[in-house]
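Please treat every number below as a calculation from the coordinates, not as lab data. These figures come from a predicted structure and were not determined experimentally. Note that each Cβ is placed from the backbone with ideal geometry, even for glycine, and that neighbours are counted across all protein chains shown.
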Amino acid sequence: MTIVLFFSAEPLLNKFASGIHNVGMWLNLIIFGTIGILILIIISCQIFLKKGKKKKRIEKIELTENGFQVNYDEEITQFQWSEIEKLTGFKVDRLTTDDICLKIESNNKTSYATEEFKGWRIFMNKMLMEFPQIDKNWEGIIEKPAFERKETELYNRNKNVG
């Protein structure tokens, strides 16, 4: 826009202010025109940024009296420890890092939680107590090799029965 203004300033002055061949006026037109463009850009950026602000996601896993609940964007899924059918650990490639995830399944519901969830470590400690057959280092095992999904079944009620 500034370049267009720079090259069109003289013809604009000749059309709207013919007879005035003042270099100072020509420079003022460029300077104030550039300032006007800058102000318009700043205003449009502020409007865009306000519209683009996203509400922060709720990602939380909390212990309850006999189980836990997964809260993902206010969609709450509750589980009792006794109803867990299957737990599957896996890793998701997030371009520069990996995210350790857990798929939780019962008879009629499925939910996911990741290491980024608030309460993850407290939940992990309790889960490993409730299911002692799960390798305590399962997160470390699926971390390698980097950027590969490496899905691992941690617990399956049907396979772990006596």
(message) To make sure I understand, if each residue's beta carbon is the centre and we count other beta carbons within 10 Å, what order do Ile104, Ile134 fall in, fewest to most?
(response) Ile134, Ile104
(message) I'm spelling it out carefully: the read-out is mean projected area of the Cα convex hull in nm², the candidates are [x] 10.3; [y] 15.9; [z] 17.4, and one was derived from this structure. Which label?
(response) [y]
(request) Return the calculated 222 nm mean residue ellipticity for the chain, to the nearest 500 deg cm²/dmol, obtained by summing -39500 (n - 2.57) across DSSP H runs with n ≥ 4 and dividing by the residue count. (result) -12500 deg cm²/dmol
(request) Output the relative contact order of the chain, whole-number percent, from Cα pairs under 8 angstrom with separation of 6+ residues. (result) 19
(message) In whole Hz and in residue order, list the ³J(HN,Hα) couplings for the range 83-93 that follow from phi through the Karplus curve 6.51 cos²θ - 1.76 cosθ + 1.60, θ = phi - 60°; x for Gly and Pro.
(response) 9, 5, 9, 8, 10, 10, x, 7, 10, 10, 6
(message) With 10 angstrom as the radius, rank Leu102, Leu95, Leu12 by how many other C-beta atoms surround their C-beta, starting from the fewest.
(response) Leu95, Leu12, Leu102
(request) Counting other beta carbons within 10 Å of each Cβ, put Lys159, Lys118 in order, fewest first. (result) Lys159, Lys118
